[in-house]
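One structure is given below, encoded as structure tokens.
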Amino acid sequence: MAAVLPETPPDANLDSLYREHNGWLQGWLRRRLGDRERAADIAQDTFLRLIVGTVAQPLREPRSFLATVAKRVMVDHLRRRSVEDAYLEALALQPELQECSPEERLLMLETLLQLDAMLDGLGYRVRQTFLLAQLDGLSYAEIAQRLGVSISSVTKYMARATEQCLLFALDAEA
């Protein structure tokens with residue numbers, strides 16, 4: 001009769017993964033980013049994402065797995081920085097009379113980041129169609145002319161963008 005060994009708890013796998021590979025991951029990120037502090041932040045965010053997702057079994061290729069997760073975290077950081085930079089640039093172009101309070105700035109930045117997350121994964125034309133309609137108030141005919149597509153394409157793009165926004169809202173409620 002074979003002895004039944006207890007399964008290794010997921011926390012032990014994650015703890016082992018962290019102890020054995022955190023230094024390597026930070027070095028890997030540091031070489032790509034050229035910034036020790038950002039590399040440490042992204043490495044921590046990578047392991048945080050793993051904690052949330054819980055790695056239940058030992059990995060065959062832990063470094064490859066960590067690099068993949070870290071790349072995704074890096075992309076998220078870069079996207080967020082890009083949105084923040086664009087917002088600050090647009091804010092700098094505003095007349096001083098319309099300067100916002102820090103609270104209003106934070107609310108607007110959070111709204112922009114949510115909008116970016118909502119539209120993530122949509123193609124360029126779909127995103128542009130949605131933004132031109134919602135932010136610039138252009139008609140479907142004006143959008144079609146600007147993008148060089150048919151009005152029926154604009155209608156399809158808006159339907160796709162609206163569906164994406166609704167799915168995002170439903171996921172946020174859950």
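Below are the figures for this structure:
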| read-out | value |
| --- | --- |
| Positions within region 35-76 being under 21 Å from the mean Cα position of the chain (by Cα), at pLDDT 85 or above, surrounded by fewer than 16 Cβ atoms within 10 Å (Cβ to Cβ) and over 20 Å from L14 (Cα atoms), in sequence order | D35, E37 |
| Yes/no for M108 being assigned to a helix (DSSP H, G or I) and either exposed (fewer than 15 other Cβ atoms within 10 Å of the Cβ) or not aliphatic (A, V, I, L, M) (or both) | yes |
| Condition met for E84 (within 22 Å of I42 (Cβ to Cβ), at pLDDT 75 or above and part of a helix (DSSP H, G or I)) | yes |
| Residues being part of a helix (DSSP H, G or I) and either closer than 20 Å to L112 by Cβ or of a type in the set (A, V, I, L, M) (or both) - total across region 131-174 | 23 |
| Unique residue being in contact with an Asp or Glu (Cβ under 6 Å, 6 or more places away or on another chain), free of Cβ contacts under 8 Å to residues at least 40 places away in the same chain and surrounded by 13 or more Cβ atoms within 10 Å (Cβ to Cβ) when the list is V126, V154, V83 | V83 |
| Leading residue by the ranking (surrounded by the most Cβ atoms within 10 Å (Cβ to Cβ)) among those in region 1-33 that are modelled with pLDDT of 55 or more and over 19 Å from I51 (Cα atoms) | L29 |
| Any hit, region 91-105, residues being in a helix (DSSP H, G or I), surrounded by 10 or more Cβ atoms within 10 Å (Cβ to Cβ) and modelled with pLDDT of 80 or more | yes |
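Rundown of residues vs (1) of a type in the set (G, A, S); (2) in contact with a Phe, Trp or Tyr (Cβ under 8 Å, 6 or more places away or on another chain), yes/no style:
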| position | (1), (2) |
| --- | --- |
| A117 | yes, yes |
| L122 | no, yes |
| Q134 | no, no |
| E142 | no, no |
| R146 | no, no |
| S150 | yes, no |
| T155 | no, yes |
| A161 | yes, yes |
| L170 | no, no |
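The values are calculated or read from the model by the stated rules, or taken from the named source; none is laboratory data. Here the structure is a predicted model, which means the values were calculated and not measured. Cβ sites come from the backbone with ideal geometry, for glycine too, and all protein chains shown count toward neighbours.
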